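Worksheet for the structure shown next.
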Amino acid sequence: MADSVIRLEDVSRYYLMGEFVVKALDGVSVDITRGEFTAIMGPSGSGKSTMMNLIGCLDTPTSGYIDIDGENTAGLNEAELAYIRNRKVGFIFQQFNLLGKLSALDNVITPLLYAGVSVRERKSRAIHALERVGLADRMDHRPNELSGGQKQRVAIARALVNNPTILLADEPTGALDSRTGGQIMELFEELNSEGRTVVLVTHDRDLGMRCHRQIHLRDGKVEA
Ligand SMILES: Nc1ncnc2c1ncn2[C@@H]1O[C@H](COP(=O)(O)OP(=O)(O)OP(=O)(O)O)[C@@H](O)[C@H]1O
Ligand SMILES: [Mg+2]
């Protein structure tokens, strides 16, 4: 399908634990279209993070195929996978994963260091991304000088700075109170309405319902 941005075809990810096989993901097929806003839901251990890491090319499947933006990732070497991680996908995590010694601005600049962008352009793009998330007045703050919601905004700016096709957020509101989480959700809704494909893992039913589509995992399989 021409407009498919994320396609999983019979994807499995098994872990060998001594003599046991953990089927973290077990024969999952999913097709996500450009501009869709999808929630991945399911109990703890059902395979949500495993699926996100595979989509984001942080991990590779035991079997099956994953196409990102029309490209089959199975044939790619490490450098080509790194290119997809850097340019096509923006990752956002529950615990923000910011570098504590760097300012908000320098955290957002980090992905551009690998993208061969000039020093001046790096700075202007990072400032623009921080403005986009409403943090223009906190650029010089370090993570420990920011609130949880502000930290997550920095992480979202960092995910946006390379203008990725896909935003992947693994429980982005999990460490925030419900009001702050709601504001972060609004930001994802805005980014999605601008055309970006968003995939979000959440345990929160209300947040899940705000997405166009919910994929429910159980024991590594798509339940609904
Ligand atoms: N590196 C690993 N080695 C072995 N087993 C793993 C590994 N990573 C995940 N698993 C197992 O795979 C299954 C799925 O894990 P995953 O992290 O994808 O769950 P999840 O749905 O994200 O759960 P949670 O809601 O708690 O974050 C779990 O049973 C987990 O124990
Ligand atoms: Mg998880």
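The values are calculated or read from the model by the stated rules, or taken from the named source; none is laboratory data. Computed from a predicted model, the values in this text were never measured in an experiment. Reconstructed Cβ throughout: ideal geometry from the backbone, glycine too, with neighbour counts over all protein chains shown. Only protein heavy atoms, including side chains, enter the accessible area calculation; ligands, DNA and RNA are left aside. Shrake-Rupley method; radii C 1.70, N 1.55, O 1.52, S 1.80 Å.
Taking only region 142-182 into account, find how many residues are among the small types (G, A, S), open to solvent by 30 Å² or more (accessible area, probe 1.4 Å) and under 18 Å from H203 (Cα atoms).
The total comes to 3.
Would you mind stating whether D206 is of a type outside the set (A, V, I, L, M), more than 25 Å from R87 (Cβ to Cβ) and at pLDDT below 95? Quick ask: steps written out before the conclusion?
Details: of a type outside the set (A, V, I, L, M): yes; more than 25 Å from R87 (Cβ to Cβ): yes; at pLDDT below 95: yes.
Yes; evaluated as a whole, the condition is true for this residue.
Condition check ((1) assigned to a strand (DSSP E or B); (2) open to solvent by 30 Å² or more (accessible area, probe 1.4 Å); (3) in contact with a Pro (Cβ under 7 Å, 6 or more places away or on another chain); (4) charged (D, E, K, R)) across all residues:
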{"site": "R7", "(1), (2), (3), (4)": "yes, yes, no, yes"}
{"site": "Y15", "(1), (2), (3), (4)": "yes, yes, no, no"}
{"site": "L25", "(1), (2), (3), (4)": "yes, no, no, no"}
{"site": "S46", "(1), (2), (3), (4)": "no, no, no, no"}
{"site": "M52", "(1), (2), (3), (4)": "no, no, no, no"}
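Report, by residue number, each residue of region 54-81 that is touching a residue at least 24 places away in the same chain (Cβ under 8 Å), assigned to a strand (DSSP E or B) and among the polar types (S, T, N, Q).
Initial filter on region 54-81 (touching a residue at least 24 places away in the same chain (Cβ under 8 Å)): 54-59, 61-70, 81.
Right, trim to assigned to a strand (DSSP E or B) and you get 63-68.
Scanning region 54-81 gives a single hit, S63.
Could you say whether any residue in region 41-57 is touching a Lys or Arg at 6+ places or on another chain (Cβ under 8 Å) and away from ligand 2 (no atom under 16 Å from the Cβ)?
Scanning region 41-57, I find at least one residue that is touching a Lys or Arg at 6+ places or on another chain (Cβ under 8 Å) and away from ligand 2 (no atom under 16 Å from the Cβ), so the answer is yes.
So which residues in region 193-207 are open to solvent by 20 Å² or more (accessible area, probe 1.4 Å), closer than 22 Å to V89 by Cβ and part of a helix (DSSP H, G or I)?
Listed by number, the list holds a single entry, S193.
From the set of residues in region 47-68 that are under 15 Å from the mean Cα position of the chain (by Cα) and charged (D, E, K, R), which is nearest to ligand 1 (Cβ to nearest atom)?
My answer is K48.
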